Each structure stands twice: as structure tokens, then as C-alpha cells.
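S.K.: Please find one structure pasted underneath; my questions will follow.
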Amino acid sequence: MNIGNVLKEARETKGLSLEAIEEQTNIRKKYLDALENENYELLPGRVYARGFLRNYASFLGLDHRIILKEFDQRYPVPITDSEQISAGPVKTERSIRRNFMVGLVAIALIAYIVYNPIGMGNQDSEIVPGANLNDNTGIIAEEQTGGKDNPVLTQGKGVRVVLNVVEQKSWISVEVDGVQTFQGTVYAGEAKEFKGTEKISLRLGNPGVVNVEYNGSSVGFLGDKGQPVSKEFVAPIENS
């Protein structure tokens, strides 16, 4: 099956132009043209190609599963492809959150005992009590107005975030160092990786299905299903 011909014939049968489809799907005309001509190298990456194919085929009334199956057979993921990110065994949402929270509480308690033997009073800070600012420590700052979560501390330079959609789908918006880098819907089984120098800001429409990794450490889910959430991941603090 020639994927490009199938898409083009379906579009022409409906009497639609690429310009009209661009306006209705928000997929750029040059990418639609690339899909119809199977010039996938013109797309930003394999993940984008699959996402555009899914949306374009669905818009035309085609079975996107057949289209994607054909695409995967003809263009398998290279072993060295950086987009081939494994989310690992999918755990239940409840168990992930429970383990995550238990770990955070333990870290906060140990840090507080070690660095604050006689207490330091109330301080409005996003850093775990007792965290040494001279350490190469990274933090995650809360952007929501509905309260503060315990931040996650990770060693390293720069900031790297991997988003693994483990089920259903989620609308995602990402800013890297203040620049809008991605905005769109990501489906189950797909993953996206972002790297920045100072910070990465996220907006997840369905956080309960997005497993998040920050600088190589699993953060888990940032919220419940269907409850949009915003988070900012900050690069580790360097020694002054």
C-alpha cells in the first residue's frame, strides 16, 4: 500500500485542498504535502510523522491504525534512534504515586534531621528543608496556584525531560528556556524528549496518563486524569 497515494486520493475524493486541511487540522501544508509524497525526511522526526499520519488519516475518515501499521512495517524504528524511548513496565497509577510520595517524605525527613537539628522556623521555599544551595542540586518548581508539592532533587547539569504517554492520549505544551518548542496531542505508546539549559515548562491536559522523567529520574504522574496541570523543571544549581 502506498500511504501517500491513499491520503491524496481520499483528500481529492472529498474535494479538499491542502490549504483547507491545514486550516482545519493545524498541520502545516508543507508537512501534508510531505506525507502525500512520503517525503518523511522533511518532517521534524519519526514521532511527528506518526502523529501527523494519525491525525491526517483520521480527518480524512481513514483507519489510522492501518496507516500506522503500514508505516511501521516500511519504516521501523532504528536501534540508535533517540526517539525510541522505553517507558519500561507500566505500573498502576496508584502504586507509582504511592511509591513516589513515600520516597519524597523519606528524603525530606532525612534532609531535615541532618541539616536542621534545632529547626530553622518557617521559610517560604520550594527547596526541601535543609537542601544545601552550594550543592549541584536541581529543583522542580510548582506553577499551579492550588498548593505546593515536595520538589524532586536530582544531580546533574542542564535539564532533560522525557514524557511517556502510557495510555489514552494527552494534549501537551512545552517551552524550553522560554521558547515554545512543542504543542499538540501525543498518543499512547509515544514519547517525547526535551533538553534545555535553564528550564523546561510543561502544560499537560491529561497528566494522569503521562509518565515523566526528569534528568534521568522517574517523577511519575504530575496529576490526575483529565485535570490539566502546569510544571516547571529547573536545571540544577551550579556552584557559585
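Listed here are the residues, each with its yes/no results for (1) crowded, with 19+ Cβ neighbours inside 10 Å; (2) within 24 Å of Ala191 (Cα to Cα).
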{"residue": "Asn5", "(1), (2)": "no, no"}
{"residue": "Lys8", "(1), (2)": "no, no"}
{"residue": "Glu12", "(1), (2)": "no, no"}
{"residue": "Lys29", "(1), (2)": "no, no"}
{"residue": "Val47", "(1), (2)": "yes, yes"}
{"residue": "Asp63", "(1), (2)": "no, yes"}
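S.K.: May I pose another question? Which of the residues spanning the range 208-240 are within 18 Å of Arg160 (Cα to Cα) and not in a strand (DSSP E or B)?
M.R.: Hits for the range 208-240 are Asn215, Gly216, Phe221, Leu222, Ala235, Pro236, Ile237, Glu238.
S.K.: In addition: Restricting attention to the range 197-240, report how many residues are closer than 16 Å to Gln183 by Cβ and not basic (Lys, Arg).
M.R.: Residues in the range 197-240 being closer than 16 Å to Gln183 by Cβ and not basic (Lys, Arg): 11 in total.
S.K.: Moving on. Taking only the range 1-48 into account, find how many residues are part of a helix (DSSP H, G or I), touching a residue at least 24 places away in the same chain (Cβ under 8 Å) and under 29 Å from the mean Cα position of the chain (by Cα).
M.R.: Residues in the range 1-48 being part of a helix (DSSP H, G or I), touching a residue at least 24 places away in the same chain (Cβ under 8 Å) and under 29 Å from the mean Cα position of the chain (by Cα): 12 in total.
S.K.: Might you let me know whether the range 55-67 holds any residue that is in a helix (DSSP H, G or I), modelled with pLDDT of 90 or more and under 21 Å from the mean Cα position of the chain (by Cα)?
M.R.: Yes: one or more hits.
S.K.: Determine whether Tyr31 is modelled with pLDDT under 90 and either outside the structural domain of Lys169 (by TED's automatic domain parsing) or within 24 Å of Glu193 (Cβ to Cβ) (or both).
M.R.: So Tyr31 fails the test.
Per-residue answers, yes or no, for (1) surrounded by fewer than 19 Cβ atoms within 10 Å (Cβ to Cβ); (2) over 12 Å from the mean Cα position of the chain (by Cα):
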site: Pro207; (1), (2): no, no
site: Lys225; (1), (2): yes, yes
site: Pro228; (1), (2): yes, yes
site: Lys231; (1), (2): no, no
site: Ala235; (1), (2): no, yes
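S.K.: Right, Ser201: crowded, with 18+ Cβ neighbours inside 10 Å and either assigned to a strand (DSSP E or B) or charged (D, E, K, R) (or both) or not?
M.R.: It is true that Ser201 is crowded, with 18+ Cβ neighbours inside 10 Å and either assigned to a strand (DSSP E or B) or charged (D, E, K, R) (or both).
The values are calculated or read from the model by the stated rules, or taken from the named source; none is laboratory data. All of these numbers come straight from a predicted model, not from anything done at the bench. As a convention, Cβ positions derive from the backbone with ideal geometry for all residues, glycine included, and neighbour counts pool all protein chains shown.
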